[in-house]
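Written below as structure tokens is the structure these notes are about.
The values are calculated or read from the model by the stated rules, or taken from the named source; none is laboratory data. None of the values given here were measured: they were computed from a predicted structure. Cβ placement follows ideal geometry from the backbone for every residue including glycine, while neighbour counts extend to all protein chains displayed.
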Amino acid sequence: MIHAIFFENNPGFIDATFITNHDQDRIASFTNGDENKTKMAAAILLTLPGSPFIYYGEELGMTGKKPDEQIREPFLWNDDAIDAGQTSWIKAKYSVEQNVKPLSFQIIDGNSIYAYYKKLISIRNQSLALRVGDLVSSALSSDNFLVYQRAVKLNSAIVIHNLQSELKVVDLFSIAKGKYKILFATSSVDITGGSIIKVPPYSSVIIDVTDLK
């Protein structure tokens, strides 16, 4: 409904999406430091329509709560002991090395939050459907399970987010008919029986769909 109003005023509008910004508690604090949930927030942001904005430090899992100074703490580039150039305009209360790994550590860790963002951004850039595709909702979505499709011309992608602590089984054929290929998965998953996929707890999966018509 809100998109229809935007289109009436500007048919070329682009949604500016974000998880949090400089006036809000950081997402990693909202998830109580749960890395799986923090990563899922990134997966939702980077698979929805629009032009996504990433507040600095979200890609590291930086934490912070109001007042404003504590949600704008210095970016963690490196180990304080060897980083003479580290910003020190304020003494960090939340985003300290005991809670958040600096970039220098995360950049060499394939399982880090930073690596997760980097992989998702790469996949989004390579997928026409994820960049400009229309959003198609799914009847499978619920309070604990988020499923939608991004589609443009003959290119489409099914996006699945399991928001709960239990394994979910999805028949992709009930969403879109075609040939399926996994583009991205938080955890290891397989498509069995041609269209059945098991999605682990607190994980996301992106499936490329090739229309067989």
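A single member of ALA42, ALA28 is of a type in the set (A, V, I, L, M), touching a Phe, Trp or Tyr at 6+ places or on another chain (Cβ under 7 Å) and closer than 29 Å to SER203 by Cα, and it is ALA42. Tell me, please, whether a residue that is β-branched (Val, Ile, Thr), under 14 Å from the mean Cα position of the chain (by Cα) and not assigned by TED's automatic domain parsing to the domain that holds ASP25 can be found in segment 99-117. Looking through segment 99-117, none of the residues is β-branched (Val, Ile, Thr), under 14 Å from the mean Cα position of the chain (by Cα) and not assigned by TED's automatic domain parsing to the domain that holds ASP25. Against the numbered list (1) touching a Pro at 6+ places or on another chain (Cβ under 6 Å); (2) assigned to a helix (DSSP H, G or I), THR87 comes up short only at (2). Exactly one residue out of SER122, SER142, SER127, SER95 is surrounded by fewer than 18 Cβ atoms within 10 Å (Cβ to Cβ) and under 21 Å from PHE53 (Cβ atoms), and it is SER122.
SER141 meets the conditions (1) more than 21 Å from LYS37 (Cβ to Cβ); (2) out of contact with any Ser or Thr (no Cβ under 9 Å at 6 or more places or on another chain); (3) in the same structural domain as SER195 (by TED's automatic domain parsing) in every case but one. The failed one is (1). One residue alone among ILE71, ILE108 is at pLDDT 95 or above, of a type in the set (A, V, I, L, M) and surrounded by 13 or more Cβ atoms within 10 Å (Cβ to Cβ), and that residue is ILE71.
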